[in-house]
Amino acid sequence: MRRMRWMIVGLLACGVMSDARAEKQVDPRLKEFARQKRQQTEELAAKLHLDVPPEAREFFKAAEAGDWTAVSNVFERIRPSPAGTNASVTSPGLNNVLFIPIHETFWTYDEFNRWDGTMMQKFADGILRSIPAGSIYFGGTDPGRFVITAVRDAAKSPDIFVLTQNGLGITSHYTEYLRLMYGGHIWIPSEKDVQQASQQVGEEANNLNYWMSIVGTLTKSIFDNNKDKHEFYVEESYVIPWMYPYLEPHGLIMKLNAQPLPQLDPAIVAKDRQFWSALTKELLADKRFLGNEWGRNTFAKLRSSIGGLYQYRHQTNEAEVVFKQSLELGPTTPEPAFRLAQLYTEAERFDDGAAVLEQLQARMSSNNPYRPLVSKGIAQILEMKQQAAEKQAK
């Protein structure tokens, strides 16, 4: 079943959400967040004896005015080239840590444009109100990082440390940013630590496994050096294997315990089931949720991530229920469908596995970028079915 599993890993690493969005009235918190990020950029520049480039000032002027079109246009001119992970930006003055606040501002604007406002607030409240002050929070997906950062910063509460595991494996600018922001309060990898993590992995920089391995190494270092003083919480982007023995469900997200758990507490599992049953019923009765694909995909992914934890713990029945629940929340979200198909395939329920992906394919639009991946998944399951039949016939 290894090929199916690695297809799912690749899917999770690439992201699974559609690109549909419509410009809307600007949330006042966006302007406040842009003001805070502009001020942060100026403070970072002063601390590092750098000049704030005119492109950065132009960007923040548009953001503070709430002009999404101008924000997007300026960002497209200064964003890193997609040619490589370490490519420079158009302005040499932004090929450094000053680009991080700009990056966070742009993608926060992008998130606010994708969401129904009420659903976004439910998402943010569900996470932020569940995390104690002083905790370290790994935000994985774009909503889990940018929405949570903006809502937290605009309200100036709760007092938690927000990090994204995805940024750790891209450039050294992000870890430098974290050291400047949090270094006096929590342990953050040094530049030497980042270099050693890269050397330890020892693969080419454009390799997906290389990037994921670096992220795993650095998140483990952050965890090991801070777990005695801080609680940890995770909103999963993709599977980081070392975390799974430490994880347990925690509302919308998961808690990363200081020590590995021999098993999941049945009371925690029951609480998780009750929480999501009530939430799913509530969401599916809300027209705002049903009409907002981005919100549906986000909540479906949250639930699917917890299902992955049950699958890791070999709680197959629980995982199956959770993945089906995820598909109720987001019928066109690939991740829960692939995970449920994997669950069935590993149990040699090949027809059930193929049916899950066929149903997903039928719900997808003809131009959905994940259709080829779904077709490939179906073909692989049918090939495994044939191989199993041939083996049994011998």
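The values are calculated or read from the model by the stated rules, or taken from the named source; none is laboratory data. Since the model is a prediction, treat every value here as computed from it, not as a measurement. Note: ideal-geometry Cβ built from the backbone for every residue, glycine included; neighbour counts use all protein chains shown. Note: areas computed on protein heavy atoms with side chains; ligands, DNA, RNA excluded. Shrake-Rupley method; radii C 1.70, N 1.55, O 1.52, S 1.80 Å.
If one takes the longest principal axis of the Cα atoms in the chain, at what angle in degrees, from 0 to 90 and to the nearest 10, does the Cα axis of helix 293-312 lie?
Long axis of 293-312 versus the principal axis of the chain: about 60 degrees.
Thinking of region 264-360 as a set of Cα atoms, what percent of all their pairs are more than 19 Å apart?
39
Could you calculate the contour length gain from residue 224 to residue 328, that is, 0.36 nm times the residue separation minus the distance between their Cα atoms, to one decimal place in nm?
Contour length minus Cα-Cα distance gives 33.7 nm.
Within the chain, what is the longest stretch that has no GluC sites (Glu not before Pro) placed in a DSSP loop and near at most 14 other beta-carbon atoms within 10 Å?
Between the exposed loop sites, the longest stretch runs 24-202.
Quick one: among 154, 354, 278, which has the greatest mean-square fluctuation in a GNM of the chain with alpha-carbon springs under 10 angstrom?
278
What size of dipole, in debye to the nearest 20, comes out for the chain about its Cα centre when the only charges are +1 on Lys and Arg C-beta atoms and -1 on Asp and Glu C-beta atoms?
I would put it at about 440 debye.
On the accessible surface of the chain, probed at 1.4 Å, how many percent belong to carbon and sulfur atoms?
50
Which trypsin sites (Lys or Arg not before Pro) in region 169-272 pass both tests, a DSSP loop state and at most 14 other beta-carbon atoms within 10 Å?
Here the sparse-neighbourhood loop sites are 229.
Considering the options 245, 71, 201, tell which one lies farthest towards the positive end of the dipole of the chain, charges being +1 on Lys and Arg and -1 on Asp and Glu at the Cβ, about the Cα centre.
Toward the positive end, the furthest listed residue is 245.
For the chain, set up a GNM with springs between Cα atoms under 10 Å and report which of 25, 200, 165 has the largest fluctuation.
Among 25, 200, 165, the largest mean-square fluctuation in the Gaussian network model of the chain belongs to 25.
Antiparallel as a % of all DSSP beta bridges within the chain, to the nearest 5?
Approximately 50 percent, going by the DSSP bridge assignments.
Compute the helix-to-body angle for 54-65: its Cα long axis versus the longest principal axis of the chain, expressed 0 to 90° and rounded to tens.
70
Which one of 384, 367, 357 has its Cα pushed farthest toward the positive end of the charge dipole of region 324-394, where Lys and Arg give +1 and Asp and Glu give -1 at the Cβ?
The Cα lying farthest towards the positive end belongs to 367.
Given H placed on each backbone N at 1.01 Å, which residues far from residue 256 in sequence or on other chains put an amide H within less than 5 Å of it?
Placed amide hydrogens put 232, 233, 234 under 5 Å from residue 256.
Take the residue pairs 122/220; 37/61; 255/301 and return only those whose Cα atoms are more than 23 Å apart.
Beyond 23 Å: 122/220.
For the chain, calculate the relative contact order in percent as a whole number, restricting contacts to Cα pairs under 8 Å that are 6 or more residues apart.
Result for the chain is 15 percent.
May I ask for the angle, rounded to the nearest 10°, between helix 371-393 and the longest principal axis of the chain, with both axes built from Cα atoms and the value confined to 0 to 90°?
Approximately 30 degrees, to the nearest ten.
With all protein chains present, calculate the accessible area of residue 375 using a 1.4 Å probe and round the result to the nearest 10 Å².
Surface open to solvent at residue 375 totals about 60 Å².
Suppose all protein chains stay in the model; what accessible area per residue would a 1.4 Å probe give for the chain, in Å²?
45
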